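Engineer: A single structure is presented below for examination.
The values are calculated or read from the model by the stated rules, or taken from the named source; none is laboratory data. Bear in mind that the values here come from a model prediction, so they are computed numbers and not experimental data. Please note: Cβ atoms are built from the backbone with ideal geometry, for glycine as well, and neighbour counts cover all protein chains shown. Keep in mind that these areas ignore ligands, DNA and RNA; they rest on the heavy atoms of the full protein, side chains included. Shrake-Rupley method; radii C 1.70, N 1.55, O 1.52, S 1.80 Å.
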Amino acid sequence: MYHGQTTSKGPSNSTQIYQQPPRLLIVHIALPSWADLCSNLCEALQNFFSLACSLMGPSRMSLFSLYVVQNQHECILPFVQVKGNFARLQACISELRILQREGCFRPQATSLQLAIKDGLQQFKQYSGHMTTSAALTYTSLEITVLTSQPGKEVVKQLEEGLKDTDIVRVRRLQVVEITKGVLECMDSASPVEEASNDESSILGTDIDLQTIDNDIVSMEIFFKAWLHNNGTDQEHVHLLLPSRSFSDISRARENPMCLKCDLQERLLSPSLLPGTADGSLRMDDPKGDFSTLYQMVSQSSASRYKLRVIKALKSSGVCESLTYGLPFILRPTSCWQLEWDELETNQQHFHALCHSLLKREWVLLAKGEPLSQGHSLREPASTFYVILPSRSPTLLVKAVATRELMLPSPFPLLPEDMPDDSRKTVESMLDDLELEPTYNPLQVWSHLYSHLSSTFAKPQGPLHPRWESRALRKHPRKAGPLQTNRVRATVAPLPMTPAPGRAPKMPAASKASSDVFFQPSMEEEEEEADEEYPSGP
């Protein structure tokens, strides 16, 4: 559970439940392991961004930047809006593919810390040039370091190297160690493991350590977690359970046990993706096929959306044909505004509820309590939900039909006696099928990634063709034919206001950094093209 510093504490609106903080990804490259990681990482990033850039509705990812750290640090993608920038993201991934895979280099011990400081400075500079209303969205940054080096050593290195750095605007800093093995059995949809953090961090923001396997599926799942709403400013849902301490039903209704929960999607709706078979009928609806629960939660910043449990049902007594819409997951809240004792008690009660429902083979029927309608005399329509337990500390919520929605289904029961010829024919056909104990979605793919990628226009040439062509004419690269078209997008902070009597000390790469935010003049552009940009200070 992460409880780092968060600077945005205002109430959410209907779009903020989708919005994730700006993200900085730093790929820490070490040879020879990079040769084993490169293709998997690039394929996972390509698949993820084809999905993230295609989702309709409010943007779930705001800003993204990518650095690589070899012998020095280098920014190959300055901060850009994710939505509408698939071509730039694809060009950035192409940059990763052609990085050096063999040979050796002498890495500098401070390169990783410098990449973090440089990225943080770029973020401050970017948000400083935004309008006041837009800048409120970019108050904090999440930084992820992908490395094949031992994760604990990288964490210690960062703790020591950043102890004198102002990282108050870093919402989360995590180190992700990519293990050398591959995922042997894809039976789990969550291969990301969070390591225990026994040592207290010397930074104001804790450094999370995670490990993922070196395969495309595991990396995809890690990146897809960026699409979740993981904000901790407030809990999303209050699950109200009748209290046994009251024999009077009316008193139990007025004083129920309240479990504070966060809401999480179980899967993406196909209706949010263009051109998919399931979403073609809802292309005019930018919200997609969300159930009422998620829409109501996104609008309930002042008062939490409430699910009031009204009765228990046998698990076998709920027909699947009566549920509709996308399922959602409830989990114990991690809201930072709650006291630690309250968080712990709430989590224990939540886990006890999951255990008890599994043991009894029960599900819960709950009524969604609409938000206040002011002084309206009309009673708003209610939505009902079934809440199902699982082996994980989560509850699955599915909307269930009511009398008003039911259509007649005059289907008779199956006949008990079947003709022998028909039964033998069908059973012989069924015996030829391969039988699996469970359905594993990670082993089933629909070529959706390639379809989404094909819907975007292909990038035409390098991002700065005039600059690159002049630079190549004046300073031909020595690295081999594969790097002749490579666009180096090294970015360094703009110069800060120097103290009186002192000249500002700047890295060489900073001379060309301002073109990320300001359009350079033709003279400045010619001067920049005559220089060979180093990757670090």
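Residues are listed down the side, and each one gets a yes or a no for (1) assigned to a strand (DSSP E or B); (2) open to solvent by less than 40 Å² (accessible area, probe 1.4 Å); (3) closer than 15 Å to Cys261 by Cα; (4) not hydrophobic (A, V, I, L, M, F, W, C):
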residue: Val309; (1), (2), (3), (4): yes, yes, yes, no
residue: Ser321; (1), (2), (3), (4): no, no, no, yes
residue: Leu326; (1), (2), (3), (4): yes, yes, no, no
residue: Leu330; (1), (2), (3), (4): yes, yes, yes, no
residue: Trp336; (1), (2), (3), (4): no, no, yes, no
residue: Asp341; (1), (2), (3), (4): no, no, no, yes
residue: Thr345; (1), (2), (3), (4): no, no, yes, yes
residue: His351; (1), (2), (3), (4): no, no, yes, yes
residue: Leu364; (1), (2), (3), (4): yes, yes, no, no
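Engineer: Check Leu240 against each of (1) at pLDDT 90 or above; (2) out of contact with any Cys (no Cβ under 8 Å at 6 or more places or on another chain) and name the one condition it does not meet.
Structural biologist: (2)
Engineer: Are any of the residues in the range 54-68 farther than 15 Å from Val145 by Cα, open to solvent by less than 10 Å² (accessible area, probe 1.4 Å) and in a strand (DSSP E or B)?
Structural biologist: yes
Engineer: Restricting to the range 431-452, and then to whatever is open to solvent by 80 Å² or more (accessible area, probe 1.4 Å) and in a helix (DSSP H, G or I), can you tell me which residue is nearest to Asn85 (Cα to Cα)?
Structural biologist: The qualifying residue nearest to Asn85 (Cα to Cα) is Gln443.
Engineer: Show the residue pairs that are 6+ apart or on different chains and have beta-carbon atoms under 8 Å apart, the first residue being within the range 33-44 and more than 14 Å from Thr147 (Cβ to Cβ) and in contact (Cβ under 8 Å) with a residue 12 or more places away in the chain, the second being open to solvent by less than 40 Å² (accessible area, probe 1.4 Å) and of a type in the set (Val, Ile, Thr).
Structural biologist: The qualifying pairs are Cys42/Ile93.
Engineer: Moving to a separate point now. Does any residue in the range 92-106 that is assigned to a helix (DSSP H, G or I) come within less than 6 Å, Cβ to Cβ, of a residue that is at pLDDT 60 or above and open to solvent by less than 20 Å² (accessible area, probe 1.4 Å) six or more places away or on a different chain, and which pairs are these?
Structural biologist: Between residues of the range 92-106 that are assigned to a helix (DSSP H, G or I) and residues that are at pLDDT 60 or above and open to solvent by less than 20 Å² (accessible area, probe 1.4 Å), the close pairs are Cys92/Leu66; Cys92/Ile76; Cys92/Leu77; Ile93/Cys42; Ile93/Leu45; Glu95/Ile76; Leu96/Cys42; Arg97/Cys42.
Engineer: Still on this structure, please answer the following. Being of a type in the set (A, V, I, L, M) and at pLDDT below 85 narrows it down to one of Val297, Val309, so name that one.
Structural biologist: Val297
Engineer: Do you know which residues across the range 353-362 are surrounded by fewer than 15 Cβ atoms within 10 Å (Cβ to Cβ) and at negative phi?
Structural biologist: His355, Ser356, Leu358, Lys359, Arg360 - these are the residues of the range 353-362 that are surrounded by fewer than 15 Cβ atoms within 10 Å (Cβ to Cβ) and at negative phi.
Engineer: Kindly provide the set of residues from the range 399-426 that are outside any loop (DSSP other than H, G, I, E, B) and surrounded by 10 or more Cβ atoms within 10 Å (Cβ to Cβ), ordered by number.
Structural biologist: Ala399, Val400, Leu405, Arg423, Lys424, Thr425, Val426
Engineer: Is it fair to say Ser291 is within 28 Å of Glu361 (Cβ to Cβ), at pLDDT below 85 and in contact with a Gly (Cβ under 6 Å, 6 or more places away or on another chain)?
Structural biologist: So Ser291 fits the description; yes.
Engineer: Still on this structure, I have one more. Tell me the residue from Gln20, Gln46, Gln90, Gln72 that is surrounded by 18 or more Cβ atoms within 10 Å (Cβ to Cβ) and modelled with pLDDT under 80, please.
Structural biologist: Being surrounded by 18 or more Cβ atoms within 10 Å (Cβ to Cβ) and modelled with pLDDT under 80 holds for just one of Gln20, Gln46, Gln90, Gln72, which is Gln20.
Engineer: If you don't mind, there's one more thing I want to ask. Looking only at residues in the range 177-194 that are out of contact with any helix residue (DSSP H, G or I) (no Cβ under 7 Å at 6 or more places or on another chain) and open to solvent by less than 50 Å² (accessible area, probe 1.4 Å), which one is modelled with the highest pLDDT?
Structural biologist: Thr179
Engineer: Restricting attention to the range 376-398, and to residues there that are touching a residue at least 40 places away in the same chain (Cβ under 8 Å) and touching a helix residue (DSSP H, G or I) at 6+ places or on another chain (Cβ under 7 Å), which single residue is surrounded by the fewest Cβ atoms within 10 Å (Cβ to Cβ)?
Structural biologist: Pro393
Engineer: Considering the range 51-91 alone, what residues qualify as being under 14 Å from the mean Cα position of the chain (by Cα) and touching a residue at least 60 places away in the same chain (Cβ under 8 Å)?
Structural biologist: Answer for the range 51-91, where residues must be under 14 Å from the mean Cα position of the chain (by Cα) and touching a residue at least 60 places away in the same chain (Cβ under 8 Å): Leu51, Ala52, Cys53, Leu55, Arg60, Met61, Ser62, Leu63.
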